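Please read through the structure below; I'll follow up with questions.
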Amino acid sequence: MRKRRTGRLSTVAAAAGLAAALCVLPLGPGGATTAQAAAGCQAGTESDFNGDGIADVAIADPEGTVSGRDQAGLVRVVYGGGKGTAEISQDTDGIPGAAERGDRFGYALAVHDANQDGCSDLVVGIPYEALGSVPEAGLVQVVHGSPDGLGKGPAVKEYLQGSGSGSLAASAAEAGDWLGFSLAAGHTTSGEPFLLIGVPGEDLGSTQDAGSSHYLRGSTNIAVHQDKPGVSGVAEQDDRFGYSVAATSRHLAIGNPGEAIGAETFSGGVQVLSHTLSSAGIPTPLAGLDQNTPGINGVAEAGDEFGAALAMVPFRTDTISSPAHSLLAIGSPGEDTSTGEDAGRVVVVEVTAAGNVKQTADIHQAYAGVHGVGEDGDYFGRHLAAVNRAPSSVGRPDTMLLAVGIPGKDGGDGVRDAGAVHVFPIVGDVGASDVWLTKGAKGLPGEPGPQEYLGTSLHATAGQLYVGVPYGAEADQGLYRLPWANVIAEGTAAPTVHKPGAGGLPADRKAFGAVVR
């Protein structure tokens, strides 16, 4: 068994006391495709697993105990419209494999209609899955939706190295590859489903933990990594290419936060690509970004971890008639600022339809007008969620929103690592209408407590900001769906709350809400 190598991300997590809360790994931490909707499935609603036109929600507990096996992991599903709940794990009928200690089923989640039948499908990352005698090789399962719910229709589709076709079949499952550590899924502008799978522990030849990814779309099944034509940089030990991924219908982004820039180890980088395939058969590389790239603020420094988190949304400017551009938010949680070591920051770049990339915002707590002060160990930008609430319209500050997780932020009374969420407009002046979100505000119950790491679990839809509270006081743990009118204005609508032991959900939990989609 290959020995785990520790490096910057795991060191940072330990320093902040985040190892359990973030589930941080060491960086150095269906059926046949058809365009015809199935009977009973109504296409067009995000995360609609039973196809009834009402959004559902998948809530992962990757540390959950299944059949007595610690950290086997599970996903609980709440169907919209009061249509009940379900639990999915590798001990669920129809789900291949078996729940095993430490698998962490649900460590990453993505949603799209993979088989184009009108019901949303849930993509589940299981990066610590052992394949035969190979520990932590990783596995991805696509659990298809149906009118009867997830897993009740077409058979589960599995993606693993050494099986199937294309680059996956050509790859060997190795100890510590962590396939499925990150996921991005959706549909291209032509409506074709795609899936991007991060494999940050992949060795390339003798280069350990260089990292890779697999891009799946139609008949395309191709590996993307730093030794591919046009991809920026050179594969080096501990780059962790694929640690984070993000996508829109036009563009892709892959983070390698372990990238050394010159002598600055774990400074980090990001590769931006187009869905259009290059002559090499991979998504066309558009730009490689790091903090020494002209036009990107800052300087590459050791431990910045630029690219540790990514979020990307479609964007329409006032000079174009459709959302042909993308805005990409890049977390750099290890960034030192003038007020704190590892305080963190986020850079936003615009990717045009022509493939040009430019910085549009540099967000941190030393920015004029922004709430708070960056402090040691805040890790601002460790987690990100972005949304365009009106993608067909010209982007405005109230429709283009970014939620930034700050899991190491101390509470106002010196409560260690209580965590917080900071919401910004990602067009216009980011300091003009930012919102500070902690427990006890905007519909989140309770008071900040020690080592709760608020901000570790975020997701955004057009109507709501999802904030998971997987740690801390038992009475407060759960998933809180906050209406945007509450978050960015003075709305008073009651949030939708999903809590263990209520609404048909089982009471047992370890980290319920650590990942949501």
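The values are calculated or read from the model by the stated rules, or taken from the named source; none is laboratory data. None of the values given here were measured: they were computed from a predicted structure. Cβ placement follows ideal geometry from the backbone for every residue including glycine, while neighbour counts extend to all protein chains displayed.
Can you give me the number of residues within segment 452-499 that are surrounded by fewer than 18 Cβ atoms within 10 Å (Cβ to Cβ) and at positive phi?
So the answer is 0.
Is it the case that some residue within segment 51-58 is in contact with a Phe, Trp or Tyr (Cβ under 6 Å, 6 or more places away or on another chain) and either buried (at least 18 other Cβ atoms within 10 Å of the Cβ) or not charged (D, E, K, R) (or both)?
Our first condition is that a residue be in contact with a Phe, Trp or Tyr (Cβ under 6 Å, 6 or more places away or on another chain); within segment 51-58, this holds for 56.
Subsequent filtering for residues that are either buried (at least 18 other Cβ atoms within 10 Å of the Cβ) or not charged (D, E, K, R) (or both) retains 56.
Yes, some residue in segment 51-58 is in contact with a Phe, Trp or Tyr (Cβ under 6 Å, 6 or more places away or on another chain) and either buried (at least 18 other Cβ atoms within 10 Å of the Cβ) or not charged (D, E, K, R) (or both).
Which residue, of 184, 173, is modelled with pLDDT of 95 or more and not in a loop (DSSP other than H, G, I, E, B)? Break it down stepwise before answering.
Values: 173 fails: not in a loop (DSSP other than H, G, I, E, B).
Result: 184 is the single residue among 184, 173 that is modelled with pLDDT of 95 or more and not in a loop (DSSP other than H, G, I, E, B).
Given (1) assigned to a loop (DSSP other than H, G, I, E, B); (2) under 16 Å from the mean Cα position of the chain (by Cα), identify the lone condition not met by residue 409.
It fails just one condition, (2).
Exactly one of these conditions fails for residue 162: (1) within 26 Å of residue 49 (Cβ to Cβ); (2) touching a helix residue (DSSP H, G or I) at 6+ places or on another chain (Cβ under 8 Å); (3) surrounded by fewer than 24 Cβ atoms within 10 Å (Cβ to Cβ). Give me its number.
(1)
Let me ask something else. Quickly run through segment 420-468 and pick out the residues that are outside any loop (DSSP other than H, G, I, E, B), more than 17 Å from residue 343 (Cα to Cα) and over 19 Å from the mean Cα position of the chain (by Cα).
Hits for segment 420-468 are 425, 435, 437.
Quick check: is even one residue across segment 33-48 closer than 22 Å to residue 198 by Cβ and either buried (at least 23 other Cβ atoms within 10 Å of the Cβ) or at pLDDT 95 or above (or both)?
Yes, that holds for at least one residue.
Residue 378 is checked against (1) surrounded by 24 or more Cβ atoms within 10 Å (Cβ to Cβ); (2) part of a strand (DSSP E or B) and fails just one. What number does that condition carry?
Among (1) surrounded by 24 or more Cβ atoms within 10 Å (Cβ to Cβ); (2) part of a strand (DSSP E or B), residue 378 violates only (2).
Something else about it: Residues in segment 196-211: is at least one in contact with a Lys or Arg (Cβ under 8 Å, 6 or more places away or on another chain) and under 28 Å from residue 93 (Cβ atoms)?
No: zero hits.
I would also like to ask the following. If you check residue 411 against the conditions, is it within 21 Å of residue 469 (Cβ to Cβ), modelled with pLDDT of 95 or more and not hydrophobic (A, V, I, L, M, F, W, C)?
no
Still on this structure, I have one more. Can you confirm whether residue 393 is over 13 Å from residue 484 (Cβ atoms) and surrounded by fewer than 24 Cβ atoms within 10 Å (Cβ to Cβ)?
Considered against the rule, which asks whether it is over 13 Å from residue 484 (Cβ atoms) and surrounded by fewer than 24 Cβ atoms within 10 Å (Cβ to Cβ), residue 393 comes out as yes.
Residue 293 is checked against (1) hydroxyl-bearing (Ser, Thr, Tyr); (2) surrounded by fewer than 24 Cβ atoms within 10 Å (Cβ to Cβ); (3) outside any loop (DSSP other than H, G, I, E, B) and fails just one. What number does that condition carry?
Against the list (1) hydroxyl-bearing (Ser, Thr, Tyr); (2) surrounded by fewer than 24 Cβ atoms within 10 Å (Cβ to Cβ); (3) outside any loop (DSSP other than H, G, I, E, B), residue 293 comes up short only on (3).
When you check residue 76 against the structure, is it within 29 Å of residue 308 (Cα to Cα), buried (at least 23 other Cβ atoms within 10 Å of the Cβ) and either at pLDDT 95 or above or charged (D, E, K, R) (or both), yes or no?
yes
Specify the residue that is surrounded by the fewest Cβ atoms within 10 Å (Cβ to Cβ); the eligible residues are those in segment 191-230 that are polar (S, T, N, Q), closer than 30 Å to residue 43 by Cα and in contact with a strand residue (DSSP E or B) (Cβ under 9 Å, 6 or more places away or on another chain).
220
Right, something else. From 235, 260, which residue is more than 25 Å from residue 314 (Cα to Cα), in contact with a strand residue (DSSP E or B) (Cβ under 7 Å, 6 or more places away or on another chain) and among the hydrophobic types (A, V, I, L, M, F, W, C)?
Answer to the selection: 235.
Of these, 417, 398, which one is in a loop (DSSP other than H, G, I, E, B), under 18 Å from residue 482 (Cβ atoms) and modelled with pLDDT of 95 or more?
Answer to the check: 398.
State which residue is farthest from the chain's Cα centre (by Cα) when the search covers only segment 235-252 and only residues that are surrounded by fewer than 24 Cβ atoms within 10 Å (Cβ to Cβ) and farther than 20 Å from residue 303 by Cβ.
My answer is 235.
If you check residue 318 against the conditions, is it of a type in the set (D, E, K, R), on the phi < 0 side of the Ramachandran plot and crowded, with 24+ Cβ neighbours inside 10 Å?
no
Anything in segment 70-95 that is touching a Leu at 6+ places or on another chain (Cβ under 9 Å) and either under 14 Å from residue 155 (Cα atoms) or assigned to a strand (DSSP E or B) (or both)? List them, or say none.
Listed by number, the residues that qualify are 75, 76, 77, 78, 85, 86, 87, 88, 90, 92.
Give all pairs with beta carbons closer than 6 Å in which a residue from segment 144-156 that is closer than 16 Å to residue 58 by Cα meets a residue that is hydroxyl-bearing (Ser, Thr, Tyr) and at pLDDT 95 or above; count only pairs at least 6 apart in sequence or on separate chains.
145/120; 152/146
Same structure, new question: If you go through segment 476-513, how many residues are hydrophobic (A, V, I, L, M, F, W, C) and under 22 Å from residue 62 (Cβ atoms)? Reasoning before the result, please.
So in segment 476-513, the residues hydrophobic (A, V, I, L, M, F, W, C) come out as 479, 482, 484-485, 487-489, 493-494, 497, 502, 505, 507, 511-512.
Filter again for under 22 Å from residue 62 (Cβ atoms), leaving 479, 497, 502, 505, 507, 511-512.
Adding up the residues that qualify gives 7.
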